[in-house]
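Since every read-out is calculated from the coordinates, none of them should be taken as a lab result. In this text, all values refer to a predicted model and were calculated from it rather than measured experimentally. FYI the Cβ positions are ideal-geometry reconstructions off the backbone, even for glycines, and counts take in every protein chain you see.
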Amino acid sequence: VVNRVGGAIEVVDLRTLAPFDEEAVAAAVRNANRVVVVTEESDLTSFGRHIHSWIVQNCFYDLDATPAFIAALQAPAAPYNAPEEIAFYPT
């Protein structure tokens, strides 16, 4: 991805959700001015969606573009067979 976009990528891997490290996320947004939130959860039941919303509400003026959001497909549970599991998780 770095070769295609011609820049640097910063990954913020939140180790805990409570407490949510707002300052680390805000610092990353101020540094990059663009955001992609990626989660293995589905969109409707996702803490990633909360993070996405928090960024829009609290870092709006630091953003150069709308934050992107990538999540797993809507499904009752993660599949256990290999082909469906590969298709289920975001890539």
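Here are some notes:
- Between the alpha-carbon centres of the stretch 11-31 and the stretch 46-62 there is a gap of 11 Å.
- Angle in degrees between helix 22-32 and the longest Cα principal axis of the chain, rounded to the nearest 10: 70 degrees
- Most positive-pole-ward Cα, 54, 39, 28, against dipole of the chain from beta carbon charges: 28
- When each of the peptides 41-53, 8-20, 61-73, 78-90 is scored by how many other beta carbons lie within 10 Å of its residues on average, the order from highest to lowest is 41-53, 61-73, 78-90, 8-20.
- A cut-off under 13 angstrom between Cβ atoms defines the neighbours of residue 90, and their net charge, with Lys, Arg +1 and Asp, Glu -1, is -4.
- Between 0 and 90°, nearest 10: helix 47-58 axis offset from the chain longest Cα axis: 20 degrees
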